[in-house]
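Reviewing the structure listed below.
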Amino acid sequence: MTSLARAFPEPAPDRTATVGEAMLRIAKVHGLATTVGELRELFRDHHVHAAVIVAGRRLVAVIEPADLTAHRDDREPAMTVGLLTGRTVGPGARLEPTRWSMLRTGRRRLAVVDGDGDYLGLLCLKRSGLGFCSERDVRARQHDRVH
């Protein structure tokens, strides 16, 4: 259990809010040609906690910074270092139990997929652990980087 999870009591299940309501639909995706080196560069931004690799609409891999710590060639395809197990959630999952699970495991990002494995969006837990990033939050950060 992470220290953040210990700081918050386990919440009562919320029967109405779902992952699909909180997920980001504007999250950046990467294609099969994305390399380990490109993701190393991406992860220099402290807001980026996961990279999503897709083929068409199909989710292929979710890569976290720790996946790149092994001595790997920067030219290696990034999809070979990612995982799906434990890094995905369905859009109908209840939001509050999902948040609690993310706190317990220390995971800040989950890819949201439908029953066929198609990528729908990204669930992004805020650093505080108290809620999820909104598309407005992401747009504001993008605007701040440009200006």
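From (1) surrounded by 12 or more Cβ atoms within 10 Å (Cβ to Cβ); (2) closer than 17 Å to Lys126 by Cα; (3) modelled with pLDDT under 95; (4) not hydroxyl-bearing (Ser, Thr, Tyr), pick out the condition that doesn't hold for Val81.
Answer for Val81: the failing condition is (2).
Which condition number does Thr88 fail, the rest of (1) at pLDDT below 95; (2) under 23 Å from Cys133 (Cα atoms); (3) hydroxyl-bearing (Ser, Thr, Tyr) being met?
The single condition Thr88 does not satisfy is (1).
Suppose we keep only residues that are more than 13 Å from the chain's Cα centre (by Cα), of a type in the set (A, V, I, L, M, F, W, C) and modelled with pLDDT under 95 within the range 11-41. Which one would you say is farthest from Asp114 (Cα to Cα)?
Among them, the one singled out is Ala12.
What are the residues in the range 108-125 that are without any contact (Cβ under 8 Å) to a residue 40 or more places away in the chain and crowded, with 20+ Cβ neighbours inside 10 Å, if any?
Once the filter is applied, which keeps residues that are without any contact (Cβ under 8 Å) to a residue 40 or more places away in the chain and crowded, with 20+ Cβ neighbours inside 10 Å, the range 108-125 yields only Leu125.
So for the range 60-83 (the condition being closer than 17 Å to Val19 by Cα and either in contact with a helix residue (DSSP H, G or I) (Cβ under 7 Å, 6 or more places away or on another chain) or among the charged types (D, E, K, R) (or both)), does at least one residue qualify?
Looking through the range 60-83, none of the residues is closer than 17 Å to Val19 by Cα and either in contact with a helix residue (DSSP H, G or I) (Cβ under 7 Å, 6 or more places away or on another chain) or among the charged types (D, E, K, R) (or both).
Do we have any residue at all in the range 32-53 that's at positive phi, of a type outside the set (Ser, Thr, Tyr), without any contact (Cβ under 8 Å) to a residue 24 or more places away in the chain and in a loop (DSSP other than H, G, I, E, B)? Full working, then the answer.
Start the filter on the range 32-53 by keeping residues that are at positive phi, which leaves none.
Within the range 32-53, not a single residue is at positive phi, of a type outside the set (Ser, Thr, Tyr), without any contact (Cβ under 8 Å) to a residue 24 or more places away in the chain and in a loop (DSSP other than H, G, I, E, B).
The values are calculated or read from the model by the stated rules, or taken from the named source; none is laboratory data. Keep in mind it's a predicted model, so treat the numbers as computed, not measured. In this analysis, Cβ positions are derived from the backbone assuming ideal geometry, glycine residues included, and neighbour counts consider all displayed protein chains.
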